Each structure stands twice: as structure tokens, then as C-alpha cells.
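**Student:** Handing you this structure, nothing more for now.
Read the figures in this text as sums done on the coordinates, not as results from a lab. For clarity, every value in this text was computed on a predicted model and none was experimentally measured. Cβ placement follows ideal geometry from the backbone for every residue including glycine, while neighbour counts extend to all protein chains displayed.
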Amino acid sequence: MEVVKAGEQVLRQGTRELSREEILSEDIQGLIEDMKVAMRGAPGVGLAAPQVGIPLALAVIEDRAEYHGRLTNQQLAERSRLPIPFHVVINPKIIASGEASVEFFEGCLSVPGYAAIVPRKLAVTVEFLNQHAEAVRIEATGWYARILQHEIDHLRGVLYTDHMHVRTFSTLENMERLWRDLPAASVKSKLS
Ligand code: ZN
């Protein structure tokens with residue numbers, strides 16, 4: 001499975017919701033398995049169906065502890081970043097979000113090699129169907145809330161570049177070399 005890159009219309013056109021019967025079908029269960037493999041292979045912490053060229057309202061998410069090795073304990077704590085087990089999010093809706101926003105660098109497998117500071121809600125409540133077509137409600141905070149907002153954006157044709165602080169757009173290499181250890185406010189002021 002290849003990940004579609006920015007500039008392809010499928011990333012911009014929005015998605016169709018799935019019925020419970022479709023979710024339980026062999027086709028969709030197979031798609032979920034293929035997307036899990038593609039996400040782990042990338043590797044990434046989320047992958048939405050439009051990113052593999054399929055305009056359906058489905059995303060897979062997994063944040064493994066082994067991905068956290070490049071961040072210090074303090075950076076993990078600032079991001080409220082904890083391991084998130086593999087799960088599937090289908091027809092998701094953000095039904096509530098807190099007032100507070102937080103700003104961190106964020107990247108996307110469809111915009112490879114780059115990152116930018118993106119403001120996101122610190123906390124969101126999301127309703128969706130899981131891969132067994134069961135209704136789930138999750139109250140997420142921190143990095144998990146950021147992942148959910150990023151993936152749900154993909155399902156409505158939105159990329160992080162639509163929300164980013166434009167002047168912080170950096171190569172991943174430069175972000176890691178120059179900016180990752182600084183608070184977002186200093187990065188914004190130095191690049192403004
Ligand atoms: Zn993305």
C-alpha cells in the first residue's frame with residue numbers, strides 16, 4: 001500500500017461514511033489490516049483511508065512506546081504523549097472540545113520530510129464506530145487528542161498545512177536540529 005502525497009485530489013475531496021454491514025465485510029476488514037501494516041511500515045501514529053487513496057471515513061491509530069525514544073521525558077510530558085494501542089476510528093465526530101489549545105510541531109505521512117507548528121485543542125470528545133462496528137466515545141487529551149484531530153481532518157479533506165503557523169514550516173531535519181527543544185512561542189518569534 002502506498003501513501004498518497006499532498007497534491008492528490010483524494011486528500012481534499014472528503015469521505016463517505018461506512019454502514020455497520022460494510023465495516024464487518026471482508027473488504028473493509030482487509031483494508032484495516034493493510035492500513036495497519038502501512039502505518040507501521042511508514043512508521044506513523046495514524047493513517048486515514050484517503051492517504052491510501054480511498055475516500056472512506058476510516059482511520060487507524062497507534063502510538064507505540066518505541067516511537068518515543070527521540071523525545072526526552074520532559075518533552076513527552078509537555079506533549080502528554082503516552083502509548084496508544086492500535087485501534088480503528090470509523091465515521092468519527094468531534095462532539096466536544098475544551099477551550100485550551102496547545103502548539104507543537106506536527107508532521108504528516110502525506111507531506112513527507114516536513115513539519116510545522118500546529119495549534120490543536122488540548123482535549124476532544126470523539127464518537128465513532130470501532131472495527132467491530134460498535135459505538136465508542138472517547139475523551140482524549142494531549143498527543144492522542146492531537147492525533148485524533150489530525151486524522152479526522154484527513155477525513156474531511158483537510159491537511160495540517162491548512163492550520164499551521166505558516167512561517168514555522170521546516171524540514172523534519174531542521175525541526176529536529178534547530179527547534180524541537182524550544183517552546184513553540186520562541187520558535188514562532190525566531191521565525192517570524
Ligand atoms: Zn496526516
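**Student:** Is the shape of segment 89-147 rounded, prolate or oblate, going by the alpha carbon gyration tensor and its root eigenvalues a ≥ b ≥ c, with a/c under 1.5 for rounded and a/b larger than b/c for prolate? Each step should come with its number before you reach the end.
**Tutor:** Values: a/c = 3.35, a/b = 1.43, b/c = 2.35.
Judged from the Cα gyration tensor, segment 89-147 comes out oblate (a/c at least 1.5, b/c at or above a/b).
**Student:** Once you list every other residue whose beta carbon is under 15 Å from the beta carbon of VAL37, what net charge do they have if Lys and Arg are +1 and Asp and Glu are -1?
**Tutor:** Summing Lys and Arg as +1 and Asp and Glu as -1 gives -1.
**Student:** Let me ask something else about it. With a ≥ b ≥ c taken as the square roots of the eigenvalues of the C-alpha gyration tensor of segment 127-192, please select rounded if a/c is under 1.5 and otherwise prolate if a/b is larger than b/c or oblate if it is not?
**Tutor:** It is prolate, given that a/c is not under 1.5 and a/b is the larger ratio.
**Student:** Extension gain LYS93-ARG70, at 0.36 nm per residue separation less the Cα-Cα distance, in nm?
**Tutor:** Stretched fully, the LYS93-ARG70 segment lengthens by 5.1 nm.
**Student:** Oh, and also: Enter the angle in degrees (range 0 to 90, nearest 10) between the Cα long axis of helix 26-41 and the first principal axis of the Cα atoms of the chain, meaning the one along which they spread out most.
**Tutor:** Between helix and principal axis, roughly 20 degrees.
**Student:** Shifting gears a bit: What is the extension gain from GLN9 to THR171, computed as 0.36 nm multiplied by their sequence separation minus the C-alpha to C-alpha distance, in nm to one decimal?
**Tutor:** Between GLN9 and THR171, full extension yields 56.0 nm more.
**Student:** Taking the chain on its own, what percent of its Cα-Cα pair distances exceed 21 Å? Spell out each step's value before the answer.
**Tutor:** Working: 9173 of 18336 pairs.
Pairs farther apart than 21 Å: 50 percent.
**Student:** Alpha carbon centre of segment 118-157 versus segment 41-78: separation in Å?
**Tutor:** 12 Å
**Student:** Then there is this: How about LYS121: which lysines have a C-alpha closer than 20 Å to its C-alpha, ignoring those fewer than 8 places off in the same chain?
**Tutor:** Within reach: LYS93, LYS188.
**Student:** So how do 49-61, 14-26 stack up, highest first, on mean other-Cβ count within 10 Å? Write down the numbers at each step before the final one.
**Tutor:** On the way: 49-61: 22.5, 14-26: 14.2.
With the highest mean Cβ count within 10 Å placed first, the list reads 49-61, 14-26.
**Student:** Determine the sum of side-chain charges near VAL60: Lys and Arg each +1, Asp and Glu each -1, restricted to other residues whose C-beta is under 14 angstrom from that of VAL60.
**Tutor:** Net of charged neighbours comes to -2.
**Student:** Within 10 Å, Cβ to Cβ, of GLN75, how many net charges do the neighbouring residues add up to if Lys/Arg are +1 and Asp/Glu are -1?
**Tutor:** On the way: positive: ARG70, ARG79, ARG81, ARG180; negative: GLU78, ASP181.
Neighbour charge sum, excluding GLN75 itself: +2.
**Student:** By DSSP, what percent of the beta bridges with both residues in segment 1-128 are antiparallel, rounded to the nearest 5?
**Tutor:** Bridges in segment 1-128 that DSSP calls antiparallel: roughly 95 percent.
**Student:** Go ahead and estimate [θ] at 222 nm for the chain from helices alone: -39,500 (n - 2.57) per DSSP H run with n ≥ 4, summed, over the residue count, rounded to 500. Write down the numbers at each step before the final one.
**Tutor:** On the way: 5 runs with 49 residues, N = 192.
My calculation for the chain gives -7500 deg cm²/dmol from helical runs alone.
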